[in-house]
1. Would you be able to tell me the number of residues in the stretch 57-80 that are of a type in the set (Gly, Ala, Ser) and closer than 22 Å to Leu38 by Cα?
2. Having 1 or more residues that are more than 20 Å from Met54 (Cα to Cα), without any contact (Cβ under 8 Å) to a residue 24 or more places away in the chain and over 15 Å from the mean Cα position of the chain (by Cα) is the bar; report the strands (runs of 3 or more DSSP E) wholly within the stretch 99-207 that clear it.
3. Is at least one residue of the stretch 170-183 at pLDDT below 95, surrounded by 12 or more Cβ atoms within 10 Å (Cβ to Cβ), touching a His at 6+ places or on another chain (Cβ under 8 Å) and at negative phi?
4. Write out, first by first residue and then by second, each pair whose Cβ atoms fall under 7 Å of each other, whose residues are 6+ apart or on separate chains, and whose first residue, in the stretch 50-66, is farther than 24 Å from Pro123 by Cα while the second is surrounded by 14 or more Cβ atoms within 10 Å (Cβ to Cβ) and of a type in the set (A, V, I, L, M, F, W, C).
5. So if I check each of Glu204, Glu133, which one is closer than 27 Å to Leu89 by Cα, at pLDDT 95 or above, surrounded by fewer than 13 Cβ atoms within 10 Å (Cβ to Cβ) and not β-branched (Val, Ile, Thr)?
6. If I filter the stretch 97-106 for residues that are at pLDDT 95 or above and aromatic (Phe, Trp, Tyr), do I get at least one hit?
7. Of all residues being surrounded by fewer than 16 Cβ atoms within 10 Å (Cβ to Cβ) and of a type in the set (A, V, I, L, M, F, W, C) in the stretch 42-97, which is farthest from the chain's Cα centre (by Cα)? Just the residue, please.
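The values are calculated or read from the model by the stated rules, or taken from the named source; none is laboratory data. Note that the structure is a prediction, hence the values are computed from the model and not measured. Glycine also receives a Cβ, built like all others from the backbone with ideal geometry; neighbour counts cover every protein chain displayed.
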Amino acid sequence: MLLEILENNIDSRLIKQAVEILKDGGILIFPTDTVYALGCDLRNKKALNNLAQMKGERLNKVNFSIICHDLSHLSDYVRQIDRPTFKLLKQNLPGPFTFILNANNDVPRMFDSKKKEIGIRIPNNKIALALVEALGNPIAATSLHNEEDEIMDYFVDPYQIFERYTDNPFVKMIIDGGHGRLEGSTVVNCTQDEFEIVRQGLGELEL
């Protein structure tokens, strides 16, 4: 199913329709402020396993980021962060960044792993944020492309995405939110004493 949602004129009924799919364990393809993403309900273990399978990994091996609506729910997933780290997040979010933070004890249980870190995203995209807000908890997400892939047009054009994934049994909806970008997010490791840019993407970090 291809569903068009206008970022500057979001129809809450369409968001609700997409969220029902998430709650039912379905996987969405949706826009962010960088490339299009695959995502599912973070609280649905079956959906998480399906998402991992789509990436060719086991759940305990795959690295998903979690998309939050704002910073208020960070404590549900990460250990207490210090003031400089909070200031960094506050200055750069919402935006095209993935911040790697120290995970709390709940995260390993979600992913059947020994994960000690988790990537946090708050994209500057009204559609993605509306989905998370309506769902009531974060979305587990991963870029549509694999890290080793060059980002081609078929990763950013909603109609080409639809053609590629229309027969995928796990993808229940593709949200057309306009043309995506050809750059991924900037990944910043905040688990050590010094902040480290692991991958330079679209975001220019403000320190």
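1. Applying the first criterion (of a type in the set (Gly, Ala, Ser)) to the stretch 57-80 yields 65, 72, 75.
Those left that are additionally closer than 22 Å to Leu38 by Cα: 65.
Adding up the residues that qualify gives 1.
2. Qualifying strands (runs of 3 or more DSSP E): 196-199.
3. No; the residues of the stretch 170-183 include none that is at pLDDT below 95, surrounded by 12 or more Cβ atoms within 10 Å (Cβ to Cβ), touching a His at 6+ places or on another chain (Cβ under 8 Å) and at negative phi.
4. Close Cβ pairs satisfying both conditions: Arg58/Ala52; Asn60/Phe111.
5. Glu204
6. Yes, there is a match, as at least one residue in the stretch 97-106 is at pLDDT 95 or above and aromatic (Phe, Trp, Tyr).
7. Checked the stretch 42-97; the qualifying residue farthest from the chain's Cα centre (by Cα) is Phe86.
Yes/no per residue for (1) within 16 Å of Cys40 (Cβ to Cβ); (2) of a type in the set (A, V, I, L, M):
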site	(1), (2)
Gly119	yes, no
Pro158	no, no
Ile174	yes, yes
His179	no, no
Thr186	no, no
Gln200	no, no
